[in-house]
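S.K.: Let me begin by handing over the structure; questions about it come next.
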Amino acid sequence: TLTPGITDGSILADVFPAIGRNVGFALANWGDTSNPVTVTLWDTNGNAVGTPFVFTLLPHQQVAQFVTDIFSSDVLGSQFIGSIRIQSSAPVSAMGVQFNGALFSTVPVIVTTAASTSSNPIVVPQFAIGANWATQIAIVNSGTAVLSGRVDILDPLGAPMEVPLNGVTQSSFTYS
């Protein structure tokens, strides 16, 4: 689920490691400056749990993390239900991800504070990068006017990354 650039948003967290249930997030910094990000775990009573995870996203960098990778089992216990709150000083693109055993899916980000979308690019953070994974990009025009644009593929550090698309391997593709 794609959200506009956000500076404050939350994802439902239902984590049960014993049965392979985990939740995470993918973030992309499409800005030209470094962006400090704070991830806080909240219980169902609205209380912060554990120490917030703080990191910096470099310009054009993306990151993906599962809750169990950034919060210890002492904090999560045998099962955790609550939310993950993501706060940043400048807008980031955010996607929630859920893993249930063999099923991997996206989950919505509940936007508290969104950035203006009039001049911001659309950025889709990628959670799984590597062999045997694929990403589909669908561009849908529900209007009658021709839409044109460009899709740039970047690696997790923000550098151009060449990928094959329709028999052509490059890092930037135009559409119309």
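S.K.: Given region 34-89, what whole percent of its Cα pairs are spread farther than 12 Å? Write out the running numbers ahead of the final one.
M.R.: Numbers: 1039 of 1540 pairs.
Summing the P(r) tail past 12 Å for region 34-89 gives 67 percent.
S.K.: What does the C-alpha gyration tensor say about the overall shape of region 1-53? Classify as rounded when a/c is under 1.5, otherwise prolate if a/b is larger than b/c, or oblate. The partial results should precede the final answer.
M.R.: On the way: a/c = 2.15, a/b = 1.62, b/c = 1.33.
Since a/c reaches 1.5 and a/b is larger than b/c, the shape of region 1-53 is classed as prolate.
S.K.: So, by mean Cβ neighbours within 10 angstrom, what's the order for 67-73, 40-46, 24-30 with the highest one leading? The partial results should precede the final answer.
M.R.: Numbers: 67-73: 15.7, 40-46: 13.4, 24-30: 23.9.
So the peptides 67-73, 40-46, 24-30, ranked by packing, come out 24-30, 67-73, 40-46.
S.K.: Take the Cβ-Cβ distance between residue 155 and residue 44 as r, set R0 to 30 Å, and report the resulting FRET efficiency rounded to the nearest 0.05.
M.R.: Numbers: r = 37 Å, r/R0 = 1.24.
According to the calculation, E is roughly 0.20.
Throughout, read-outs are computed from the coordinates displayed, never taken from laboratory work. This is a predicted model, so every value here is computed, not measured. Methodologically, a virtual Cβ is constructed for each residue, glycine included, from the backbone with ideal geometry; neighbour enumeration extends over all protein chains shown.
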